[in-house]
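A short worksheet on the structure shown next.
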Amino acid sequence: DLAKMSSRVCGTGVLAVGLCLLLQLGFGGEAGADLRFNSILEEVGAITPPVNIPCVLENCLVPFGECVLLKSCRDCLGCAEKCFNEWDNDTTKEKFHVQNCTNKCSFTYDTPTYEKLMGCLTSKKCISFPPIPNTCRAPNIHPLKNLSTSDLMGDWWIVRGYHPVYDCYPCQRVHFKPINSSYWYYSPQYQVYLLNGSLELVTQHTVIPSVPAGRNISFVYDDIGLLHYETWWLLDKADDGSYIIMYYCGNTLQWYYEGALVFARNRTLNASAYGNIARSYQKAVGLDFSKFCNTTTDATCPD
C-alpha cells in the first residue's frame, strides 16, 4: 500500500514517510523548495517512530500534513524522534532522560499545529509510546489529615518536588480558586528549559473537581496535545497553614508516573517545617524526602 511503498522509497522515520506521502498525495504550498526534501530525509534517517502510519492515513492525514508542511512542527517531530532513539540507553527508572528530552522539544517548537496533530494521534490511537511501568503507591497511601479542595484556596509556591521531570521546574507557583460548588480553577505557572538552555515562563489552566474532606482529586488535562489522567492525595497541612503536602499518580498513554509536591505560602520554609514534612511523607506514603528536588523560588522568579 501507499505507506509501505513510501517507507521502501524514503525510509521509516515519521518525517521521511510523511513527506513522501504528502508529495505522492499532491500536497503543495510550502512543500517545494523550502522543505529541502533530501536534506530533511538525510537528517531524520531511518529512526523508527512510535507512530502508526496507516492509522495516520486513515484518521489524521490532514493535521499530519499541516504539521509536515510547517517547519516548527516538523522540527518538533524530528526532535522527539531523536529522543526516542535513546530509549534503550536511558537506564533511569521512568526513562527520565527521554522524558526530559521530549519536553524540551515540545516547549521549544510548540505550535497549535503540533498540538492539533498530537490530539488526533492520541485520540485515534495512532501513537503508542514504549511503556513506562505503573509505580503508583495506591492503595498504600494514608493521609495524615482529612483535607479538601478548600484547603488549597489561594496562591502557593512549590518549594520541593519528587518527580525529576514534572516536579522540579524552576519558579513554580500555583493558584486555586472556586468556579462553583462542583469545580475549582487550577493554574500552575513555571519556567521550562528550552533546547538552547534558556528558560521560558509557561502558564496552564485546568479545571479540577471540588471534593469533600478525605477524598482524593481525580481529573484530566491537556498538555501540548497529550491527555494526562491524574489523581492527587492531600496528605498533610501545617497547623499554621504555611504548607500542604501532596502525592499524585498519573498516566498519559502508556507512560505512568508518580510525584509529590510541597505547596508553601512563602518562597521558603524553615528547617523545622522540612523536618516535619519529611516525617509526614515517610509515614503517609513511604517517600524518602531526601530524594526530593529543591526547586528555585528565589528573587529571580516572577511574583
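Within the span defined as region 112-129, every residue fails to be farther than 25 Å from Tyr247 by Cα, among the hydrophobic types (A, V, I, L, M, F, W, C) and surrounded by fewer than 17 Cβ atoms within 10 Å (Cβ to Cβ). Do we have Glu86 as open to solvent by 20 Å² or more (accessible area, probe 1.4 Å), in contact with a His (Cβ under 9 Å, 6 or more places away or on another chain) and acidic (Asp, Glu) here? Against the criterion (open to solvent by 20 Å² or more (accessible area, probe 1.4 Å), in contact with a His (Cβ under 9 Å, 6 or more places away or on another chain) and acidic (Asp, Glu)), Glu86 qualifies. For region 53-63, filtered to residues that are under 23 Å from the mean Cα position of the chain (by Cα) and modelled with pLDDT of 90 or more, the residue that is nearest to Glu115 (Cα to Cα) is Pro63. Applying the criterion of at least 1 residues that are open to solvent by less than 10 Å² (accessible area, probe 1.4 Å) and free of Cβ contacts under 8 Å to residues at least 60 places away in the same chain to the strands (runs of 3 or more DSSP E) found wholly in region 188-303 leaves 206-209, 226-237, 243-252. Of the candidates Leu226, Leu152, the single residue that is of a type outside the set (Lys, Arg) and either more than 23 Å from Ser106 (Cβ to Cβ) or touching a Cys at 6+ places or on another chain (Cβ under 6 Å) (or both) is Leu152. Of the residues Lys291, Lys237, the single one that is of a type in the set (Lys, Arg) and either under 22 Å from Cys171 (Cβ atoms) or modelled with pLDDT under 95 (or both) is Lys291.
The values are calculated or read from the model by the stated rules, or taken from the named source; none is laboratory data. Note that the structure is predicted; figures quoted are calculated from it, not measured. When we count neighbours, we look across all protein chains shown, and the Cβ atoms used for this are built from the backbone with ideal geometry, even at glycine. In case anyone asks, the SASA skips ligands and DNA or RNA and just uses the protein heavy atoms, side chains included. Shrake-Rupley method; radii C 1.70, N 1.55, O 1.52, S 1.80 Å.
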